[in-house]
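Asks: Please see the structure below; I have some questions.
Values in this text are rule-based calculations from the coordinates and carry no lab data. Source: prediction; values computed, not measured. Methodologically, a virtual Cβ is constructed for each residue, glycine included, from the backbone with ideal geometry; neighbour enumeration extends over all protein chains shown.
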Amino acid sequence: TPPPAGPDYSVTFKPLPGKTVADTVTVPEGYVAEVLYSAGDKCVAGSVGYAGVAQSFPATETQAGGQHDGMHFYPLDGVDQNKGGLLVLNHENVDAATLNLGVEATRTNLSNVGVSVIEIARADNGTWSVKQGSRYNKRYSGNTVYNVGGPAASAVGRTVVGTLNNCASGNTPWGTYLTCEETTNNYWDTTQDAKGYGWVVEIDPYEPSSTAVKRTAMGRFSHENTAYMVDDNNRVAFYMGDDSTPGCIYKFVPTKAYDPAKRANNMGLLDEGTLYAARFNDDGSGNWVELTVGKNNLTAGATDPGNYTQVATGEVIKGTLVDFNTQADVLIDTQKAARVAGATLMDRPEWITVGVDNTVYCTLTNNGSRRRTSASNPRASNPHGHIIRWNEANDSPLATTFTWDLLLLAGQDKEDGAAANVTGDIKGDEFSCPDGIRVDPKGRLWVQTDMGDTNPNNSYVKTFGNNSMYYVDQETGESKRFLVGPLGCEITGIAYTPDLTTFFINIQHPDKTWNTVRSGGGDARSATVVVRRKDGKPVGA
Ligand code: FEO
Ligand code: CA
Ligand code: CA
Ligand code: CA
């Protein structure tokens, strides 16, 4: 058979050397990495932007937030989709050096978190910039008012002020953005009830005048991202990780199919459906356990076995009583509901991605100590994490059973002579603490790392270098180091143009000299970076 027409997407880049600790974004030969959108940059029309002097609310409400994380690219009607579109990205936390907290401290902090929507465009020489003054440019912040939808809306309240802890994100088949609130704590503004946070929030980037909605039917926990699978009948499943120590893996299946013909018909789709949590059986089979009140022990007087990691060996786990009287109770206390229903406690589920062949991958970033191992979480102490994958029965998003295996155990080479729990089975370039993961439209798997310990004198960085991004072969598990971040940062956010000639990557919380603007430094800023090939061919190829 002849090779397929069009560009060649096979992976040929020359992998970067290990243990790189440069204070820059390091990319392979023939590539460039260019800063596109930094914390404090102009966003909304009329914004002045940060230029070295710390800013306060209300100026901060119009400019880029801090700590860029999850991200997605949206094409625009009438624009060449490889040369322009909307980039939507999360601001997980503040870039404190850009903020003056002497004025309006709370609202200034809250304005630096949330989401940015920016229109971006590519010049003929390949460089990208933000289109200043675009009507799409918008900030959703910790001060914005959000609507609340779904079965827990009446218990939470019809509106909530602020979206917080916007870690990773996902998109929908109908072109909206799902920003995921990673913690259920509200640590900045105690006048708001904690029940208002820990949700998936749906944003329509094409309608700047619309109000974003917290979708309670998808459950309340330490959301990482969402990834969807769709079948021939337009039924959809959304997969979600709970980045907790430990946490469970979930899927939400809307009751109705989505409508590809009429976008407006999909805007309430995430308010009605079935929430499941995953049970990974030791024999490689799996079950989706329904989290519906009245089923699977979700009743009044249920016993939560507890979060049984970090418990001294030998201690008897008594469990605590928890009442599930309504579906709102299940959705507000989803972590407890999953444990009561018998879901498997995983080593901190971070991003999930659905491959072009419908294999689903999830990064399990690490776990300090675990009381009981399982086949799906085989290390009692797992400082480097692993990647799990599964296939739904009949490749259906509606399946209630699946089969699973481990793609890889992260960690050091066997030759290093390290202890068993820190030795991995990665072929090629080893890494630790996988977090961001995405299979691109050409079926290529990318993994990004977040070793929390980024001190260059400590063992993680000495062993692996700075946080990085890797290509991983899904058949062989072979890994190739593609990009290394500057000092102190984690690498996150994977987005791209449809032709894959431009990748957008987020550099979160760099802390030395990279991307500083203030004279003398001290304000290394989080940023979205464009990664592209100088010859204009697809990234990775
Ligand atoms: Fe915000 Fe789980 O990373
Ligand atoms: Ca982060
Ligand atoms: Ca993360
Ligand atoms: Ca992480």
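Asks: Fewest Cβ neighbours within 10 Å first, please rank Cys43, Cys362 accordingly.
Replies: Final ranking by Cβ density, sparse to dense: Cys43, Cys362.
Asks: For the chain, place one equal point scatterer on every Cα, skip the solvent, and apply the Debye formula. What is log10 of I(q)/I(0) at q = 0.09 Å⁻¹?
Replies: -0.62
Asks: Give me, ordered by chain and number, the residues 5 or more places off Gln55 or on other chains with an amide H under 5 Å from its own placed amide H.
Replies: Placed amide hydrogens put Leu99, Asn100 under 5 Å from Gln55.
Asks: Return the long-range amide H neighbours of Asp429 (sequence gap of 5 or more, or a different chain), with a cut-off of under 5 Å between placed amide H atoms.
Replies: Placed amide hydrogens put Ser479, Lys480, Arg481 under 5 Å from Asp429.
Asks: Something else now. Please list 3J(HN,Hα) in residue order for region 511-522, calculated via the Karplus relation 6.51 cos²θ - 1.76 cosθ + 1.60 where θ = phi - 60°; whole Hz, with x for glycine and proline.
Replies: 9, 10, 10, 5, 6, 9, 10, 6, 4, x, x, x
Asks: Taking 0.36 nm per residue of sequence separation and subtracting the Cα-Cα distance, how much length would be gained by fully extending the chain between Thr299 and Asp189, in nm to one decimal?
Replies: Residue separation times 0.36 nm, minus the Cα-Cα distance, leaves 36.3 nm.
Asks: Still on this structure, I have one more. Where the centroid of each part is defined by its Cα atoms, how far is region 322-355 from region 134-158 in Å?
Replies: So the two Cα centres are separated by 23 Å.
Asks: Moving to a separate point now. Show the residues, 5+ positions off or on another chain, whose built amide H is closer than 5 Å to the amide H of Gly85.
Replies: Amide H neighbours of Gly85, under 5 Å, 5+ apart: Ile120.
Asks: From the backbone phi of region 148-157, what are the Karplus-calculated ³J(HN,Hα) couplings (6.51 cos²θ - 1.76 cosθ + 1.60, θ = phi - 60°) in whole Hz, Gly and Pro given as x?
Replies: Listing the rounded values in order: 10, x, x, x, 9, 4, 6, 6, 8, x Hz.
Asks: Could you put Lys214, Lys336 in order, starting from the residue whose Cβ has the fewest other Cβ atoms within 10 Å?
Replies: Fewest-to-most ranking of Lys214, Lys336: Lys336, Lys214.
Asks: Related question: Share of Cα-Cα pairs in region 330-398 beyond 13 Å, in percent?
Replies: Summing the P(r) tail past 13 Å for region 330-398 gives 70 percent.
Asks: Determine the distance separating the Cα centre of region 220-291 from the Cα centre of region 512-541; give it in Å without decimals.
Replies: About 34 Å separates the Cα centre of region 220-291 from the one of region 512-541.
Asks: Another question, then. Sorted from fewest to most neighbouring beta carbons within 10 Å, what does the list Val340, Val21, Val539 look like?
Replies: By the 10 Å Cβ count, ascending, the order reads Val21, Val340, Val539.
Asks: Normalised by the number of residues in the chain, what is the relative contact order in percent for Cα pairs under 8 Å and 6+ residues apart? Mind showing how you got there, number by number?
Replies: On the way: 1578 pairs, mean separation 84.1, N = 541.
Across the chain, relative contact order equals 16 percent.
Asks: Sticking with this structure for a sec: Quick one: what does P(r) look like for region 1-141 with 5 Å bins over all Cα pairs, in whole %?
Replies: All Cα pairs, binned at 5 Å, distribute as 2, 9, 15, 17, 16, 14, 11, 8, 4, 2, 1, 1, 0, 0 percent.
Asks: Rounded to the nearest 500, what is the 222 nm mean residue ellipticity of the chain from helices alone, with -39500 (n - 2.57) per DSSP H run of 4+ residues and division by all residues? If you can, show how the numbers build up before the last one.
Replies: On the way: 5 runs with 30 residues, N = 541.
Estimated from H runs of four or more residues: -1500 deg cm²/dmol.
Asks: Give me the percent relative contact order of region 438-541, please, defined on Cα pairs under 8 angstrom at least 6 residues apart. Don't jump to the answer; show the numbers that get you there.
Replies: Details: 210 pairs, mean separation 19.2, N = 104.
Result for region 438-541 is 19 percent.
Asks: Another question about this same structure. Could I have the simple spin-label model distance between Val48 and Glu207, label points 7 Å from Cα toward Cβ, reported in nm to one decimal?
Replies: For Val48 paired with Glu207, the spin-label model returns 3.4 nm.
Asks: Please identify the GluC sites (Glu not before Pro) of region 435-519 that satisfy two criteria: DSSP loop assignment and at most 14 other Cβ atoms within 10 Å. Which are they?
Replies: The qualifying sites are Glu475.
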